[in-house]
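Q: I'd like to ask you about the structure that follows.
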Amino acid sequence: MPEVREHGPLPLILVLLTINSGLVDAFSYVELKVFVANMTGNVIILGLGFGGSGNVTGPAASTLFFCVGAAAGGHLAFARAAHRGVLLGTATIVQTGLLVAAALIETRFGHVDRLERHVLIAALAAAMGWQFAIVRRVGVPDYPTVVVTSPLAGLVADPKQPRDRAVRRSLSVGALVAGAAAGALLIRESSPTAPLWAGAALLLIVLLSLVSARVRRRAAGLIGGGGGVDGGRGGTAFVWARDQRSGRGMRRAHGGHEKG
């Protein structure tokens, strides 16, 4: 498919991140009564609270810390924009730490008390806002990872969409549904913290995939030797690692190279 040639392993990695969003939102909705990834749903819950039909502080905290995480992720994205693989790997390490911290807090203290509940909401919402900002900068179409309104609408409203785009949109929607379903099953059959641990494990798989892809390309001579993260000796363009929006990075092709 075209996106495999253009973006390398990134589409598959973003599918895994979408599953992670479903897992985390399953925990947050069932246990904390808010969404921490799906801000559209969370804003509705916040509005219901303002109207006297629910809690206000929980969804307000989720919205606030999602924005904090997104702002922090946006600053990192612009600082490391030349290499999408390195950017996503760095972001995944931070996000894994936040999920593990939330899982440990839930395991040790639970969320009965108001303080623990809001700490959990803050950590998880920041992690998902962080993910959204990084993925937005990575720039692979149809994989927003935390919400699927646009892919779903595009899937059914665009009768002339290319087949590969329909596949991307379908995968995006299916991955979020699968993650949420898996999270609900884990809560019912295992424990409330199980979706968080599963999400952290999934992020480790993402990190290992990114490291493995980079090692393979370095071994093939596609990285290094050129003085930049996207430099290389080989004749194949290392396209997936470049930030398509900013055009930064280095590309080599058949004996020549160009910098942008």
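Q: Among the listed residues G85, G110, G89, identify the single one that is modelled with pLDDT of 85 or more, within 17 Å of the chain's Cα centre (by Cα) and not β-branched (V, I, T).
A: Among G85, G110, G89, only G89 is modelled with pLDDT of 85 or more, within 17 Å of the chain's Cα centre (by Cα) and not β-branched (V, I, T).
Q: Another question, then. Of the residues in the range 27-80, how many are assigned to a helix (DSSP H, G or I) and either under 24 Å from G179 (Cβ atoms) or touching a residue at least 24 places away in the same chain (Cβ under 8 Å) (or both)?
A: Result for the range 27-80: 34.
Q: Taking D142 and the conditions (1) assigned to a helix (DSSP H, G or I); (2) of a type outside the set (K, R); (3) in contact with a Lys or Arg (Cβ under 6 Å, 6 or more places away or on another chain), which numbered condition does it fall short on, given that it satisfies the others?
A: (1)
Q: State all residues of the range 113-128 that are of a type in the set (G, A, S) and more than 14 Å from the chain's Cα centre (by Cα); if no residue qualifies, say none.
A: Once the filter is applied, which keeps residues that are of a type in the set (G, A, S) and more than 14 Å from the chain's Cα centre (by Cα), the range 113-128 yields A122, A123.
Q: Could you list all residues from the range 151-182 that are among the small types (G, A, S), surrounded by 14 or more Cβ atoms within 10 Å (Cβ to Cβ) and either in contact with a His (Cβ under 6 Å, 6 or more places away or on another chain) or free of Cβ contacts under 8 Å to residues at least 60 places away in the same chain (or both)?
A: G154, A166, S170, G174
The values are calculated or read from the model by the stated rules, or taken from the named source; none is laboratory data. Owing to the predicted nature of the structure, the values given are computational and were not obtained by experimental measurement. Don't worry about glycine lacking a Cβ; one is built from the backbone with ideal geometry, like all the others, and counts go over all protein chains shown.
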